[in-house]
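A.B. asks: Handing you this structure, nothing more for now.
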Amino acid sequence: MWGLVKAKQGAAGAETSIRCLLKMVKGNVVVPEDILSFCCNGLQGSTSPPCTQDAGEQQEEAAGAMGGHNPTEVQMSQLVLPCHSNQRGELSAGQLLKWIDTAACLSAERHAGCPCVTASMDDIYFEHTISVGQVVNIKAKVNRAFNSSMEVGIQVSYEDLCSGKHCSICKAYATFVAQGPLGTKVKLKPLTPQTEEEKIEHSIAAERRRMRLVHKDTIKDLLTRSTSNTEMETRDGSVVVPAEKTRVESVELVLPPHANHQGNTFGGQIMAWMENVATIAASRLCHAHPTLRAIEMFHFRGPSQVGDRLVLKAIVNNAFKNSMEVGVCTEAYDQEMSVSRRHINSAFMTFVVLDEEGRPRTLPMVVPQPGDGERRYREASARKKIRLDRKYVVSCKQTEVPLSVPWDQSNKVYLSYNNVSALKTLVAKANWVLAREKEKVQIYTLEEDKFLSFRIEMSVHISASQAFSLLSDLRRRHEWDSHYESAELVQQVDEDDAIYHVLSQTLSCENKPQDFVILASRRKPCSRGDPYVVAFRSVTLPTHPPSTNYTRGETLCSGFCVWPQSEEMSKVAYYNQATPGYLNYVTTNVVGLSSNFCATFEACEKFLLKNKDDLIARLQDL
């Protein structure tokens, strides 16, 4: 049954299973009969070692396919001097933010061909500090251009010139807006990705953009739900510091060196000033030199110009055992104070204090002021949970995310992002091998590291939007997939996401039917050339714990992509990713695999053709 994976058992037989298929595709020699035998007979047979491709060979092939250097890529190398450092002899985070913003802006302007301004900077997690004498290497390139905005991806690493050591510092995503004369927006030309990495970033950029657009509402909703449940923290023997003692207010005059060619203040300069006052506030709490660990999304609400005065305010909102959150606000006014102060930016920064061995120290407790202080205190606790959820689900590697992640209101946006981006990443992968072709159905395989993936596709005489609508509803899956017994809609999260409880007719090795709790995420195309996407992944819900009557199964990454070929023709492709740890369970036909791929996909085609007219009639009635 497609879209479902793994009954919880040991991994016995998994290596044999994957080697069997790898033997069939090794050297690009395909044996269709063996593939059919693989489907029907449970991956039994060869013990040949897996065939892999050297990473360097893959990079060379990608570079060859690229046909040259990415025209938007900018590389910056800066030697860290004492004037760039803080009291510990480490690169100031504010200076690093200025360099990041400058490199990203240069990349954006290469693509736009006109001046660009920073609109936002996504969350940044700093993995290491950089010392005086080391080199900062920054690489920035445009991932995707939308109408008048574009996403720029930035990678930061350091290089020790004496030892030759290289180490990653952080990865960031910035949004820039192209501006014409008098600040008018400029329509951007589309960007065509070339390499596999660029195609992945280009595809997922649309999903990150979606998260940015709902970021404010997401935070507001989660804080509303969390505030009333957050209690004041108590720790025995801890020093207590009133939050008001950490308050900082500072003013900066915007001079020509702080501005771009349009006279607007550089976003990186504003971020650097904000980091400075936040560091002072954090130091007043701990009476030590704190280290910046994370910054929540910067969002620039409006510009400031040369001659403006910027008022920067910071205060420690909450101090946890080993970290503290500092809130920073930036306001602008002109010399005449002709209008009230303009709110330019706000951000939340997380600091730690490290001991001599680099371990986080225990911090004093904060006592908030009544009213707004207590509100900020509780909201900081809620944001901490949100940050942990977001970093865990969004930032970590796919192999580090467990198959089933607990679903709740605090991580719903990020689980949806991870669900769709995982499928889009799989779609953009290179080196798919055609394993079998029967009439209109093609079956492809992809082997890499711990994953074995399958793609089954065919062209269907139906519009892409109709196929998307019909395949999105798991409650109708049993009409064409015989392994589905039923699918209950447990929760309609929003217009694009729903959670289903699925029952399977296929028995597990425990001789019990299997059930699944699946998050289904739908996405319509962001721009021309994008597919319709329906992504599936397992989640856990307190309302639907595992039952003794069923074996709980799980799926890591699966789903459909539908590309319009004409107004009445579409290419429908199904993807499924499996790992050796549970690959042996594909033989039970509960995961993206059926005992006969072609027969199942042909049944899917008949279902789409049979129901497309009824769907049109229902839409017309609406």
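The values are calculated or read from the model by the stated rules, or taken from the named source; none is laboratory data. The shown structure was predicted, so the numbers you read here are calculated from the model rather than taken from an experiment. Please note: Cβ atoms are built from the backbone with ideal geometry, for glycine as well, and neighbour counts cover all protein chains shown. Protein only, heavy atoms only, side chains kept; ligands, DNA and RNA dropped before computing areas. Shrake-Rupley method; radii C 1.70, N 1.55, O 1.52, S 1.80 Å.
A.B. asks: Quick check, is L503 of a type in the set (A, V, I, L, M), touching a Lys or Arg at 6+ places or on another chain (Cβ under 6 Å) and touching a residue at least 40 places away in the same chain (Cβ under 8 Å)?
C.D. replies: no
A.B. asks: Kindly evaluate M365 against the criterion of being buried (at least 17 other Cβ atoms within 10 Å of the Cβ) and within 30 Å of S304 (Cβ to Cβ).
C.D. replies: In short, no.
A.B. asks: Just name the residue that is farthest from H202 (Cα to Cα) out of those in the stretch 413-450 that are open to solvent by less than 20 Å² (accessible area, probe 1.4 Å) and β-branched (V, I, T).
C.D. replies: Among residues in the stretch 413-450 that are open to solvent by less than 20 Å² (accessible area, probe 1.4 Å) and β-branched (V, I, T), the one farthest from H202 (Cα to Cα) is V441.
A.B. asks: Criterion first (open to solvent by 10 Å² or more (accessible area, probe 1.4 Å), of a type in the set (G, A, S) and in contact with a Lys or Arg (Cβ under 6 Å, 6 or more places away or on another chain)) does S459 satisfy it?
C.D. replies: yes
A.B. asks: Going residue by residue through the stretch 179-202, is there one that turns out to be assigned to a strand (DSSP E or B) and under 15 Å from T72 (Cα atoms)?
C.D. replies: Checked against the condition, which is being assigned to a strand (DSSP E or B) and under 15 Å from T72 (Cα atoms), the stretch 179-202 yields no hits at all.
A.B. asks: Scan A281, A259 and give me the residue that is closer than 14 Å to C329 by Cβ and free of Cβ contacts under 8 Å to residues at least 60 places away in the same chain.
C.D. replies: Result: A281 is the single residue among A281, A259 that is closer than 14 Å to C329 by Cβ and free of Cβ contacts under 8 Å to residues at least 60 places away in the same chain.
A.B. asks: Name the one entry in L503, L519 that is over 23 Å from the mean Cα position of the chain (by Cα), in a strand (DSSP E or B), modelled with pLDDT of 90 or more and of a type outside the set (D, E, K, R).
C.D. replies: Of L503, L519, the one residue that is over 23 Å from the mean Cα position of the chain (by Cα), in a strand (DSSP E or B), modelled with pLDDT of 90 or more and of a type outside the set (D, E, K, R) is L503.
A.B. asks: Here's another thing I want to ask about it. Wholly within the stretch 106-170, which strands (runs of 3 or more DSSP E) include no fewer than the required count, namely at least 1 residues that are surrounded by fewer than 18 Cβ atoms within 10 Å (Cβ to Cβ), modelled with pLDDT of 95 or more and hydrophobic (A, V, I, L, M, F, W, C)?
C.D. replies: Where strands (runs of 3 or more DSSP E) fall fully within the stretch 106-170 and carry at least 1 residues being surrounded by fewer than 18 Cβ atoms within 10 Å (Cβ to Cβ), modelled with pLDDT of 95 or more and hydrophobic (A, V, I, L, M, F, W, C), they are 135-145.
A.B. asks: Could you check the stretch 239-267 and list, in sequence order, the residues that are closer than 14 Å to L310 by Cβ and among the aliphatic types (A, V, I, L, M)?
C.D. replies: V248, V251, L253, V254, L255, A259 - these are the residues of the stretch 239-267 that are closer than 14 Å to L310 by Cβ and among the aliphatic types (A, V, I, L, M).
A.B. asks: Would you check if there is a residue in the stretch 291-299 being of a type in the set (D, E) and touching a helix residue (DSSP H, G or I) at 6+ places or on another chain (Cβ under 6 Å)?
C.D. replies: Taking every residue of the stretch 291-299 in turn, none turns out to be of a type in the set (D, E) and touching a helix residue (DSSP H, G or I) at 6+ places or on another chain (Cβ under 6 Å).
A.B. asks: A follow-up question, please. Anything in the stretch 504-527 that is touching a strand residue (DSSP E or B) at 6+ places or on another chain (Cβ under 7 Å) and small (G, A, S)? List them, or say none.
C.D. replies: Result: S504, S508, A520, S521.
A.B. asks: When you go through (1) open to solvent by 40 Å² or more (accessible area, probe 1.4 Å); (2) within 30 Å of K216 (Cα to Cα); (3) polar (S, T, N, Q); (4) modelled with pLDDT under 90 one by one for S469, which number turns out not to apply?
C.D. replies: It is condition (4) that S469 fails.
A.B. asks: Only one of these conditions is not met by K524: (1) of a type in the set (K, R); (2) in contact with a Phe, Trp or Tyr (Cβ under 9 Å, 6 or more places away or on another chain); (3) open to solvent by less than 30 Å² (accessible area, probe 1.4 Å). Which number is it?
C.D. replies: (3)
A.B. asks: Can I ask one more? Mind checking which residues of the stretch 171-197 are on the phi > 0 side of the Ramachandran plot and open to solvent by less than 70 Å² (accessible area, probe 1.4 Å)?
C.D. replies: G183
A.B. asks: Is it fair to say E495 is open to solvent by 50 Å² or more (accessible area, probe 1.4 Å), part of a strand (DSSP E or B) and among the acidic types (D, E)?
C.D. replies: Spelling it out, it is not the case that E495 is open to solvent by 50 Å² or more (accessible area, probe 1.4 Å), part of a strand (DSSP E or B) and among the acidic types (D, E).
A.B. asks: Continuing with the same structure: Regarding the stretch 465-475, can at least one residue be identified that is within 26 Å of the chain's Cα centre (by Cα) and free of Cβ contacts under 8 Å to residues at least 12 places away in the same chain?
C.D. replies: Taking every residue of the stretch 465-475 in turn, at least one turns out to be within 26 Å of the chain's Cα centre (by Cα) and free of Cβ contacts under 8 Å to residues at least 12 places away in the same chain.
Yes/no per residue for (1) hydroxyl-bearing (S, T, Y); (2) open to solvent by less than 10 Å² (accessible area, probe 1.4 Å); (3) closer than 27 Å to A119 by Cβ; (4) in contact with a Gly (Cβ under 6 Å, 6 or more places away or on another chain):
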residue: H299; (1), (2), (3), (4): no, no, yes, no
residue: K321; (1), (2), (3), (4): no, no, no, no
residue: T330; (1), (2), (3), (4): yes, yes, yes, no
residue: H343; (1), (2), (3), (4): no, no, yes, no
residue: D372; (1), (2), (3), (4): no, no, no, no
